[in-house]
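The values are calculated or read from the model by the stated rules, or taken from the named source; none is laboratory data. All of these numbers come straight from a predicted model, not from anything done at the bench. We place every Cβ from the backbone using ideal geometry, glycine too, and count neighbours over all the protein chains shown. We work out accessible area using only protein heavy atoms, side chains counted, and drop any ligands, DNA or RNA first. Shrake-Rupley method; radii C 1.70, N 1.55, O 1.52, S 1.80 Å.
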2 protein chains.
Amino acid sequence: MSAKLIHTNPGVSPDLVISEADYKPEPSWRTWLIGKPLSTADAPHQAIGKIVGLAVFSSDALSSVAYGPQEMLMVLAAAGMGALGISVPLSFAIVGLLLVLTISYEQTIHAYPGGGGAYIVARDNLGELPAQTAGAALLTDYILTVAVSISSGVAQLGSAYPSLVPYRVWIAVGLVFLIMLINLRGVKESGTAFAFPTYFFLVMILLTVGVGLFRYVLGSLGTVVAPPPLETLHTTQAVTLFLILRAFASGTTALTGVEAISNGITAFREPRSRNAGTTLVWMAIILGFLLLSITFLADQVGVVPSEHETVISQLTRTVFGGRGIFYLVVISATTIILIMAANTAFADFPRLSALHAGDGFLPRQLTFRGSRLVFSRGIVTLAAFASLLIILFQASVTALIPLYAIGVFLSFTLSQSGMARRWWKSGHLKPGEEVREPGSIVRYDKKWQVKMLINGFGAFCTAVVMLVFAITKFRDGAWIVLISTPILVMIFFAIHHHYKDLAKQLSLDEYAPSLPPSRHRVILPIASVHRGSLSALHFAQSLSDDVTAVHVSLDADDAKKVRDKWFMWGNGVRLVVLDSPYRLMLEPLLMYIERIIAHRQPGEMITIVVPQFMPKKPWHNLLHTQTAFLLRMALLFKPGIVIVEVPYQVQ
Amino acid sequence: MSAKLIHTNPGVSPDLVISEADYKPEPSWRTWLIGKPLSTADAPHQAIGKIVGLAVFSSDALSSVAYGPQEMLMVLAAAGMGALGISVPLSFAIVGLLLVLTISYEQTIHAYPGGGGAYIVARDNLGELPAQTAGAALLTDYILTVAVSISSGVAQLGSAYPSLVPYRVWIAVGLVFLIMLINLRGVKESGTAFAFPTYFFLVMILLTVGVGLFRYVLGSLGTVVAPPPLETLHTTQAVTLFLILRAFASGTTALTGVEAISNGITAFREPRSRNAGTTLVWMAIILGFLLLSITFLADQVGVVPSEHETVISQLTRTVFGGRGIFYLVVISATTIILIMAANTAFADFPRLSALHAGDGFLPRQLTFRGSRLVFSRGIVTLAAFASLLIILFQASVTALIPLYAIGVFLSFTLSQSGMARRWWKSGHLKPGEEVREPGSIVRYDKKWQVKMLINGFGAFCTAVVMLVFAITKFRDGAWIVLISTPILVMIFFAIHHHYKDLAKQLSLDEYAPSLPPSRHRVILPIASVHRGSLSALHFAQSLSDDVTAVHVSLDADDAKKVRDKWFMWGNGVRLVVLDSPYRLMLEPLLMYIERIIAHRQPGEMITIVVPQFMPKKPWHNLLHTQTAFLLRMALLFKPGIVIVEVPYQVQ
């Protein structure tokens, strides 16, 4: 019998039989909610072109014109109405930064056609710690993107319909749930769903800005009628450098989302890099124009930053002369684009978390594609955390903003530094030589010095912005991110340690099959003698000649009955009765098993055969002590034993 | 190999080895909370005498003088202040009923020295349905006893300290929890804990009544100063027969608890019946005297029934001339006795539910004695339901009263009918003849006709009261009990059916050991090839030559790796790869196993060997899909297969 344990069975051919399961999921409520399941073979058809790509990946960046300028003005307002004009030069500085970022990221997109998010670039060029830091920062910021965009969208809605304001938190959470559902359906369909509103917003906001500039040229623009009151602090602050830098930091939130395309290159149709790069440039041009013109017009019409009415709302009703149909259409479009901007995060967060998980820094389950070929667990995780933030911060954009952007600029810096390092490596290769890295192939590039300078400058600029942000916003909430990011990185490494450790312990590299057991000892706990316990007994006897039945006795009369019945039906197997004077069921049994484990001989195998009663109806479980279940839970953690469950179902 | 399955193993002697486990529970937070565990051998020492017995079993009955008269007055008040005087003749009627009950129950106690609650008497003499009905009614009423007594106790407290009224629900729930803890410590200690306050209450209430009667005789009693306003309805009702019967029904709530001693006879010291009977008579005399004198004095001093100040409070401050020290002591004693009255229910509910459970009409777990030798699960169940009622009815005695007492009188009726039937049986035996019934021994009694008449008259009176209660209180809440009692009885029978059915299916009466399996087929699901899955493979091969490893493939590359490794390490065992185009893990595997079960040959045994990964730390579970766990849950419900778990722990 022992020979069977490691040698090939003579009766079975060692052929590998490969069978195909024709299992297809049946329609259920999930089908109705997120669409019919897609087969893995359907995957390649889910790529998108430039037009849809602009909608999917730039709604975040473009929609941020709805809150970036506003938050900048909000900071300046602390120094009184006169300070608001500083916003115009600040917006030029922000657009300059946008230019640097766009050129930098254009280079990244071409260098990493397989997806060149900060995580991959940092991993391949800077090492594990910077990569995990970039990843932690980005994942945090995707969650914040959803929270901020949705909250701002609901704020736009509240400007037009103030009666909705008290319900803003639940409206926001409901919208997160809706976007989650759309994304669970899959990227192509969500792309189509998002293309129309994005372009609708673009047309409407460009129309508003165009009419505004035209009326400005004609001199008929006027100022905001009945603006909301200025919410100043008790004392008006002086216009300090700190205040200006703080306003600048708030304004840079308009640049969040610029990196989205570089993460999502693989979603584009071939030629991927080219399509993605073109989309990035288009997006940057539109974003820059909107930022400058909105800041300029807001200054001209005398917009007052306020939590009660958004800048876009004040500007639009001034341009169109009141809350007419045009006003309502623009506000609706802005609301929708903001709500849909969250979709950018829903496109990227699951991809990035799957990357982390694939490298073993997040739970492996995140790499699993759901029935619609999307990383459904990442999508649900994002929705859950974003909803939590919205509830905690009561859907207030101004409260959320100080947490936002710091992570984005941290990842910008790491990504650009990584790119600079990559060009340096590229410059030190011979022409025609290739170095294959996990995320891309490094080849010699004759313009490596220029490119390294560009990315290096980008890294410098974004590092400065990040420092400005961290310092000026520290007390408003940036400290939360400065604490949570290192904690996240630590968690990532703890997870990685676990997976590495496990792989090493399970590895077959130095594995020698253990000796066949010389003795197989079987223990059979029984509560009473009946058909269920006897079928377990028969199974136990088929395992080994050395079977011991164990009965825990709470009551001497019952124990007598069990002994008598066992004498009749026990096939001569020895029975051990454990007295339990304190009427405990599990503990004496565990103590007995532990004692047997402690006295185990070399090569002795111990198996516990547990008769497991399975009732016909689930409520019947309430009528039985779950001893078998509890016993199994306790035994699973004891090393070196095997648990056999012999279920007996009652019909 | 097959021969081993049913025959005695030659190597093992069929001796029954009996071992003693010296397992003693270790001290824990439970020890601190409810005392050190008691061994089963400690049980007989926990009996009580008459003095302690009166405290334990009559606090319910005695304390009900605090709400019985009040609720009677509350009903009469609907007909104006003039109608309140009707309470005095009504209280004579109630005391008359008490007399009938006491004589009836005295007979029961002697006939059933092993405990003669309505359940046992009805079961032995009337059959299963009346017995379960009596049990359902009593269990419901024990829960109500706790809710009403505690609520009334908190109302007394609120009379003295009105600022506590807003917190009454949570004070009440906290008190239920406290009494639960005391009872979990065990009956003797709870008896001692309750003896002092019960006697303290008796002394104080007798002093109050005595002083009141003395001042009445002297003519110096006076009337209530500043009574609470009369809470009349919009129109004053006429004094109809219906109103009088309704007031009578409310007053009879003072009789609840009279049966407690007959349920708890076994808690008494020997001679049990004699001690219990004497205690019952003492209790009835005290209760009757208090009922009459409190009703009489309340009428004399012009007490106004109110939710804001209790009758006891008004009476006491009139007797002692204000809210002085005596007043506070009497109110405190009343509060404490009411709170402790709930203890009667805590003494009886667990015993009665254990009886039901022992007969298979409630979950068997209720028969289990906890570490302190009490039926701890019954105690916790009672506390949970009583707390729920207190929360639902916001600790209002007047709202709870209509649900109360109807069940008690139903069980009184069934108990007395059963006793009458028993005397009839007794009269038809020959002198010296004995009939042994589960609850007692029936012997010939020459006075059987008189005794049958007494119990028959008791049954008649209590049936009339029950009908009066059900009709007059129907709309106030009695309907709830009239619906819930049959539902409870149905649940009891459903549980009984399950246990009977199960016992029949597991019975060995017509059992023939099945044929030894002619073929043993083993299926081994593997996710990948590593040390864990190989140790499961070795175990599988030790079971049978016919082992099939099954891999569900979500990804062609992974499947290739598994096949290659299996070729190296699989000992030539065949591998089936199931393609899963919809990326489902469990479903294709289950479909495969079901197909194998469907094609099972006669005598073929199927075993599934599941490698079960056990992480070092519980949080590591989050990093792994719980496929093995889900697979096991799905397989347990499939008949005729055995599940083997080979756990591999990572250190």
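Computed extension gain for residue A:165 through residue A:591, at 0.36 nm per residue and net of the alpha carbon distance, reaches 147.1 nm.
Mind checking B:620-626 for the average number of partner chain beta-carbons within 10 Å of each residue's beta-carbon?
5
Dipole magnitude for chain B: about 540 debye, using +1 per Lys or Arg Cβ and -1 per Asp or Glu Cβ, origin at the Cα centre. Ranked from shortest, the separations from the 7 Å Cα-to-Cβ label point of residue A:476 to its equivalents in the other copies are 6.5 nm.
Ordered by solvent-accessible area of protein heavy atoms (1.4 Å probe), largest first, the residues A:473, A:500, A:616 come out as A:500, A:616, A:473.
Scaled against the 2.2 N^0.38 Å expected of a compact globular protein of N residues, the Cα radius of gyration of the range B:395-513 reads 1.51. Kirkwood's formula applied to the C-alpha pairs of the range B:36-120 gives a hydrodynamic radius of 16.6 angstrom.
For the range B:288-375, the Cα gyration tensor yields ellipsoid semi-axes of 41, 15, 10 Å (square root of five times each eigenvalue, largest first, whole Å). Of all chain A C-beta atoms, the nearest to the rotation axis linking A with B is recorded, alongside its rounded Å distance, as A:644, 2.
Per-residue mean of foreign Cβ neighbours for A:602-614 is 2 (Cβ atoms of other chains, 10 Å radius).
Write down Rg/Rh for the range B:319-444, rounded to two decimals, with Rg from the C-alpha atoms and Rh from the Kirkwood relation over Cα pairs.
Looking at the range B:319-444, the ratio lands at 1.13.
Over the C-alpha trace of the range A:568-630, radius of gyration and Dmax come out as 15.2, 45 angstrom.
Note on the range A:431-473: Cα-only Rg and Dmax are 15.7, 48 Å.
Of all beta bridges DSSP finds with both residues in the protein assembly as shown, what is the antiparallel percent, to the nearest 5? For the protein assembly as shown, the DSSP antiparallel bridge percentage is about 15. In this entry, the range A:320-367 is assigned a mean projected area of 4.1 nm², taken as a quarter of its C-alpha convex hull surface.
Scoring B:66-73, B:348-355, A:281-288, A:547-554 by mean Cβ neighbours within 10 Å over their residues and listing the highest first yields B:66-73, B:348-355, A:547-554, A:281-288. Modelled spin labels at residue B:26 and residue B:443, positioned 7 Å past Cα toward Cβ, are 5.4 nm from each other.
Length available on full extension from residue A:600 to residue A:289: 0.36 nm per residue minus the Cα-Cα distance, which gives 104.1 nm. Across the alpha-carbon set of the range B:200-273, the Rg to Rh ratio works out to 1.15, Rh being the Kirkwood radius. Summarised as an ellipsoid, the range A:521-596 has semi-axes of 20, 16, 9 Å, derived from the eigenvalues of the Cα gyration tensor scaled by 5 and square-rooted, with the largest first. Here residue B:473 is the anchor, and the aspartates and glutamates within straight C-alpha reach of less than 16 Å, apart from those fewer than 8 places off in the same chain, are B:71, B:141.
A compact globular protein would have a Cα radius of gyration near 2.2 N^0.38 Å; the ratio found for chain B is 1.27.
Taking θ as phi - 60° and the Karplus parameters 6.51, -1.76 and 1.60, the scalar couplings of the range B:151-159 work out to 5, 5, x, 5, 5, 4, 4, x, 5 Hz in sequence order, x denoting glycine and proline. Between residue B:509 and residue A:500, the modelled label-to-label distance comes to 6.6 nm, taking each label 7 Å out from Cα in the direction of the beta carbon. In terms of distances greater than 23 angstrom between alpha carbons, the cross-link table entries A:616/B:500; A:616/B:616; A:36/B:560; A:638/B:560; A:504/B:560 yield A:616/B:616; A:36/B:560; A:638/B:560.
Compared with the direct C-alpha span, the chain from residue A:619 to residue A:241 gains 129.1 nm at full extension, assuming 0.36 nm per residue.
With one equal scatterer per alpha carbon and no solvent term, the Debye-computed log10 I(q)/I(0) for the protein assembly as shown at 0.09 1/Å reads -1.11.
Both radii were evaluated on the Cα set of the range B:78-181; the Rg over Rh quotient, with Rh as the Kirkwood radius, amounts to 1.11. Helical content of chain A, expressed as a calculated mean residue ellipticity at 222 nm, amounts to -19500 deg cm²/dmol (DSSP H runs of 4 or more residues, -39,500 (n - 2.57) each, divided by residue number, nearest 500).
Out of all DSSP beta bridges with both ends in chain A, state the antiparallel percent to the nearest 5.
Counting only bridges with both partners in chain A, antiparallel ones make up about 10 percent.
Starting from the label point of residue B:432 at 7 Å along Cα→Cβ, the same points in the other copies fall at 12.7 nm, in ascending order. Comment: the Cα-to-Cβ extended label point of residue A:380, at 7 Å, lies 3.1 nm from its counterparts in the other copies, nearest first. Note on the range B:332-398: percent of Cα-Cα distances in each 10 Å bin, starting at 0 and stopping at the bin with the largest distance, equals 20, 42, 28, 10, 0. Size descriptors for the range B:244-339 (Cα atoms only): Rg and Dmax, in that order, 16.6, 47 Å. Counting Cα-Cα pairs of the range A:490-636 in 10 Å increments starting at 0 gives whole-percent bin shares of 9, 31, 30, 17, 11, 2, 0. Each principal axis of the Cα cloud of the range A:159-296 was taken in turn, and the coordinate range along them, longest first, works out to 55, 38, 35 Å. May I ask you to derive the FRET efficiency for residue A:630 and residue A:429 from their Cβ-Cβ distance with R0 = 41 Å, giving the value to the nearest 0.05? Computed FRET efficiency for residue A:630 and residue A:429: 0.05.
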